[in-house]
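The values are calculated or read from the model by the stated rules, or taken from the named source; none is laboratory data. In this text, all values refer to a predicted model and were calculated from it rather than measured experimentally. Backbone-built Cβ (ideal geometry, glycine too); neighbour counts: all protein chains shown. With ligands, DNA and RNA removed, areas are computed over all heavy atoms of the protein, side chains included. Shrake-Rupley method; radii C 1.70, N 1.55, O 1.52, S 1.80 Å.
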Amino acid sequence: MSIVVNVEEAGYIKGRPVLRDINLELGEGEVLLIAGPTGSGKSTFLLLLTGVLTNLLYGYVKGTVKLFDINPLDPLEFSLVPKYVGIVLQSHELQIAMQTPIDEVLFVLENLKYPKPMERARLYLLRYGLLSKAGEDVENLSGGEKKRLCLASSTVHEPKLLILDEPTANLDPWGVAEVVKYVREMKEEGKTIIITEHKPDYFLNLADRVAVIEDKTLKTGKEYFEKYLSRELRFLHTSTSEKTSVEAESMSFKYCKECPLIFKKTSFSLKRGEVVAIVGPNGSGKTTLGKIISGLLKPLEGRLLLMGREPYRLKSRELLRKVIYVPQEPAYFFVKTSIEGEVKLASQVSGLEYSKVVEKLDPWIRARLRDSPYTLSYGQKKWLSQTLVSIYGSRVVVLDEPTAGLDINLVYRLFKWMLELKKEGRTVIVLTHDVRVVKDIADRVLVVCGKQVSELSISDAVEYLEAPVLEVIK
Amino acid sequence: MRVNPSVLFIYGLSLTIMAFALRELSALAVLALINLTMGVLLGGRKYRSLLLAFAVSLIGVWVNALVFAGGEPLLTVGPLVVRSGAVKGFLEVSLKLSLLLSATLIFSSLTSPRDLLKSLESELGLPKQLSFMVSLSLRLLRIFEKDLAEIQLIRRSRGLRPIPLTPGEWASLISPLLSIGLERGKWVGVAAELRGFSLRKIERTRINLHSADVALLALLVAEIVLALYIHLNPLDVSFK
């Protein structure tokens, strides 16, 4: 067995276990796919397995872990873990330490004292399609390219075990297809692979074993796993108002004089009370479009009207009454040092009585009013930002990748919430790669591609988003 | 222009030390003028948000000086009294901040994290952990720029001023920056450990100086001499 885990309990603070009764044996060359609710402890399990939990994060583990022929829990043997393991963290922003792809890959090779590191680094960049961008600033790479860079730097030393934490998070369908393709190649090379994923369907055909982490424990077997596979969440697409909420006419945009155009004389319109999915490849300009609609960026030419007004000309408070933008990274959204402060600000701006607003909050939010919003988990931060959006009551809500990092049950709750907004006559604009948004909740789909925004039918949009991945996971 | 990262580090560190140690306005002003010009020319475009944050922070420094500094009244506008201590305090702190900003701009514009890491650990013999922290700060500075721009945009979406003016607004800008920055720092450290950083072996090498390095070191010596000279022969700058 390449990996043997027998752990009674593990966590960050003694007496408050995140994981319990974890027993796992994984053979060499096996692929284990793990699903589970947001915040269930999937990432903690990976940190336990690599020894990071005890050696770097001051956590505790009661039990034993064997990783090939080393004990990663032992502080002396922990330093040997990188020789056996390559890990890709959920967010590439949290992983890349160097400024260029070539430096990032060389960093690993220099650490592990590989001979001819430059030659090997170039070979791996070529393998992951990044050689032409070897010297580019990593901030200029697309999301898919950054993920490929993380894969390159995690596999360049030929580890026996590859760990992928949410490898498809925030990737467009083409990026997902690439990741699936690389994972297949690594499986064929005989590597042991552990993948945690909220959209496990992508890797199901590659997995030798499946497991879930729920109720603090690891449960292996298909019987536990099925409920985490994607299922139809379809909400009825109700009829919408004929009134226009957003209208763009021959709109062009670029970030600076020397920058390339993001939009060139594009036109589209959105109606009140509809859920509109805006799709398109990473880097095509979805987020930019969301920010223009939200009055945060000004079109270069043409015009964009939000309920008859140019949004970037509106004063902040007036703008907020009309539109609110929720970024992909929820931490950007908060402006107060406590949840209470956030709720108070939202109540005050929307003219609601604070005590009545608090009564309607989710119990978990009420219990943590004094806490800083930044201490919440990723899923909780997302939920809090959506709660604040409800309080503000803005007529147009722009959500940037709202399903990223959420398990299927939270996605279901999110869709129900969107439906409520829609029933209130609000326009919900969802910038997304997630085909579930298109299939299950969207009334209309716009695609951003080639500097234009054009409309797709729901069926065409589903095919547009699914085809690249289906081709690879067949 | 290629400058040895270790030389840049020495230059940046020396500027920082002088910013903290010097009190003479004239010395600070001369150093700030030279280095801010260099810093803005080299990194002004790349780090626009940093310059903006600096400009806005000067408002805070001025308000703080107005409220807390003593001295002779220089100007009275209604209830507002501008005292000599306020002007002196504002100038001193602003010039010190300018020097720190210049050091950051010069340092971060002329090197990359990996070159810096290698140079500090093998040429200057600094511990690898310290070298990594310093080099990582270069990478984080770029991301910090991105975060700051994003947070300012989102503030408008939340009905607030993109550029904070009051202390409370500053707190609301800095909190997410710190929170995201700390999270990032922690996980980049974890990722580095998992990519064999603790196994990294250092081979000491000698510093190779090129003409740009010599020029920068010469400039540093000149600045130190100038600062010492002004310290020993202070110019009479008063606000009475």
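Would you be able to say whether some residue in segment A:374-386 is more than 22 Å from residue A:169 (Cα to Cα) and either touching a helix residue (DSSP H, G or I) at 6+ places or on another chain (Cβ under 6 Å) or open to solvent by 10 Å² or more (accessible area, probe 1.4 Å) (or both)? The answer is no; no qualifying residue exists. In the condition set (1) under 30 Å from residue A:412 (Cβ atoms); (2) in contact with a Leu (Cβ under 9 Å, 6 or more places away or on another chain); (3) without any contact (Cβ under 8 Å) to a residue 40 or more places away in the chain, residue A:56 is compliant with all but (1). Each residue in segment A:327-346 was checked for being crowded, with 19+ Cβ neighbours inside 10 Å, without any contact (Cβ under 8 Å) to a residue 12 or more places away in the chain and in contact with a Phe, Trp or Tyr (Cβ under 6 Å, 6 or more places away or on another chain), and 0 of them qualify. Among the candidates B:41, B:52, B:25, the residue that is open to solvent by 20 Å² or more (accessible area, probe 1.4 Å) and either free of Cβ contacts under 8 Å to residues at least 60 places away in the same chain or within 11 Å of the chain's Cα centre (by Cα) (or both) is uniquely B:41.
Considered as a group, the residues in segment A:126-149 that are of a type in the set (Asp, Glu) and within 13 Å of another protein chain (Cβ to nearest Cβ) include one that is farthest from the chain's Cα centre (by Cα), and that residue is A:136.
Within segment B:144-170, the set of residues being farther than 21 Å from residue A:288 by Cβ, at the interface with another protein chain (Cβ under 8 Å from one of its Cβ atoms) and open to solvent by 40 Å² or more (accessible area, probe 1.4 Å) comprises B:161 only.
Is there a residue being assigned to a loop (DSSP other than H, G, I, E, B), among the charged types (D, E, K, R), without any contact (Cβ under 8 Å) to a residue 60 or more places away in the chain and loosely packed, with under 15 Cβ neighbours inside 10 Å anywhere in segment A:308-326? Yes: segment A:308-326 contains one or more residues that are assigned to a loop (DSSP other than H, G, I, E, B), among the charged types (D, E, K, R), without any contact (Cβ under 8 Å) to a residue 60 or more places away in the chain and loosely packed, with under 15 Cβ neighbours inside 10 Å.
Checking each residue of segment A:282-290 against the condition of being within 9 Å of chain B (Cβ to nearest Cβ) and within 24 Å of the chain's Cα centre (by Cα) gives no match. I'd like the full set of residues that are among the aliphatic types (A, V, I, L, M) and surrounded by 14 or more Cβ atoms within 10 Å (Cβ to Cβ), limited to segment A:5-32. Of everything in segment A:5-32, those that are among the aliphatic types (A, V, I, L, M) and surrounded by 14 or more Cβ atoms within 10 Å (Cβ to Cβ) turn out to be A:5, A:7, A:10, A:18, A:19, A:22, A:24, A:26, A:31, A:32. Looking across segment A:45-61, the residues that are in a helix (DSSP H, G or I) and out of contact with any helix residue (DSSP H, G or I) (no Cβ under 7 Å at 6 or more places or on another chain) come down to A:45, A:46, A:48, A:49, A:54. On the stretch given as segment A:95-124, residues that are touching a Phe, Trp or Tyr at 6+ places or on another chain (Cβ under 8 Å), part of a loop (DSSP other than H, G, I, E, B) and either surrounded by fewer than 18 Cβ atoms within 10 Å (Cβ to Cβ) or not hydrophobic (A, V, I, L, M, F, W, C) (or both) total 1.
Can you tell me which residues in segment A:191-218 are of a type outside the set (A, V, I, L, M, F, W, C), open to solvent by less than 40 Å² (accessible area, probe 1.4 Å) and not in a helix (DSSP H, G or I)? Walk me through how you get there before you give the answer.
Our first condition is that a residue be of a type outside the set (A, V, I, L, M, F, W, C); within segment A:191-218, this holds for A:191-192, A:196-202, A:205, A:208-209, A:214-217.
Adding the requirement that they be open to solvent by less than 40 Å² (accessible area, probe 1.4 Å) leaves A:191-192, A:196-198, A:200, A:214, A:217.
Those that are of a type outside the set (A, V, I, L, M, F, W, C), open to solvent by less than 40 Å² (accessible area, probe 1.4 Å) and not in a helix (DSSP H, G or I): A:191, A:192, A:196, A:197, A:198, A:214, A:217.
Residues that are touching a Ser or Thr at 6+ places or on another chain (Cβ under 7 Å) and part of a loop (DSSP other than H, G, I, E, B): does segment A:251-263 have at least one? Scanning segment A:251-263, I find at least one residue that is touching a Ser or Thr at 6+ places or on another chain (Cβ under 7 Å) and part of a loop (DSSP other than H, G, I, E, B), so the answer is yes.
Within segment B:97-139, the set of residues being among the small types (Gly, Ala, Ser) and open to solvent by 40 Å² or more (accessible area, probe 1.4 Å) comprises just one member, B:137.
Report, by residue number, each residue of segment A:57-87 that is closer than 19 Å to residue A:15 by Cα and facing chain B (nearest Cβ under 8 Å). I'd like the intermediate steps shown before the answer.
Going through segment A:57-87, the residues closer than 19 Å to residue A:15 by Cα turn out to be A:57-64, A:73.
Answer for segment A:57-87, where residues must be closer than 19 Å to residue A:15 by Cα and facing chain B (nearest Cβ under 8 Å): just A:57.
When segment A:28-44 is filtered for residues that are at pLDDT below 95 and either assigned to a loop (DSSP other than H, G, I, E, B) or of a type in the set (Phe, Trp, Tyr) (or both), the ones remaining, listed by number, are A:28, A:29, A:36, A:37, A:38, A:39, A:40, A:41.
Taking the criterion of being within 14 Å of another protein chain (Cβ to nearest Cβ), at pLDDT below 90 and in a helix (DSSP H, G or I), the residues of segment A:368-379 that qualify are A:374, A:375, A:378. Checked against the criteria, residue A:303 does not count as charged (D, E, K, R) and part of a helix (DSSP H, G or I).
Being away from chain A (no Cβ under 12 Å) and part of a helix (DSSP H, G or I) narrows it down to one of B:75, B:97, B:136, B:117, so name that one. Reasoning before the result, please.
On the way: B:75 fails: part of a helix (DSSP H, G or I); B:136 fails: away from chain A (no Cβ under 12 Å); B:117 fails: away from chain A (no Cβ under 12 Å).
Just one listed residue meets the conditions, B:97.
Just a yes or no: is a residue in segment A:85-92 in the same structural domain as residue A:193 (by TED's automatic domain parsing), open to solvent by 50 Å² or more (accessible area, probe 1.4 Å), within 23 Å of the chain's Cα centre (by Cα) and in contact (Cβ under 8 Å) with a residue 60 or more places away in the chain? Yes, the conditions are met somewhere in segment A:85-92.
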